[in-house]
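S.K.: Got a structure for you, questions after.
All of the numbers you see were taken from the coordinates with simple rules; none came from a lab. Quantities reported herein were computed from a predicted structural model and do not represent experimental measurements. Cβ sites come from the backbone with ideal geometry, for glycine too, and all protein chains shown count toward neighbours.
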Amino acid sequence: MWNRSHGMAVDYFALGVVAYELMMKVRPYEGINRKDCQYAVSAKEIQLTRANIPTGWSAEAADFINKVSF
C-alpha cells in the first residue's frame, strides 16, 4: 500500500523539480545533507524566466515548470 502522508501537491512539486533538472542540467536546490536541502526548498523560490531558458527549450516548457513546482 502507498504511503499517503502527503498530498498531490508534493507529487506536482517533485515533477517540477525533475523537469527543472532535465531542462537546466543542475538541481534547483542544493545542500550538504537532508536538513540543508529542506531549508533550501523552504527558503528559495525558483522561477524560470525567458532569459534562463536554454536553447532548444520552449517558453511553454518553462511555464510548465513554474506552474507545477515552485
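S.K.: Given an 8 Å cut-off on Cα distances and at least 6 residues of separation, report the relative contact order of the chain as a percent. Could the numbers behind the result be given before it?
M.R.: Numbers: 53 pairs, mean separation 27.5, N = 70.
It comes to 39 percent, rounded to a whole number.
S.K.: Rounded to two decimals, what is the ratio between the C-alpha radius of gyration of region 8-69 and 2.2 N^0.38 Å?
M.R.: 1.12
S.K.: Next up: Just to be sure I understand the rule: take each whole DSSP H helix in the chain, project its Cα atoms onto its long axis, keep it if the span is 15 Å or more and its mean Kyte-Doolittle hydropathy is at least -0.5. Which ones pass?
M.R.: Span-like helices in the chain: 8-24, 59-69.
S.K.: Further question: So for the pair residue 51, residue 30, with labels modelled 7 Å out along Cα→Cβ, what separation do we get in nm?
M.R.: 2.0
S.K.: Would you compute, from DSSP H runs of 4+ residues alone, the mean residue ellipticity of the chain at 222 nm, taking -39500 (n - 2.57) per run and dividing by the full residue count, rounded to the nearest 500?
M.R.: Value at 222 nm, helices only: -17000 deg cm²/dmol.
S.K.: Let me ask another. Which one of 48, 37, 65 has its Cα pushed farthest toward the positive end of the charge dipole of region 8-69, where Lys and Arg give +1 and Asp and Glu give -1 at the Cβ?
M.R.: 37
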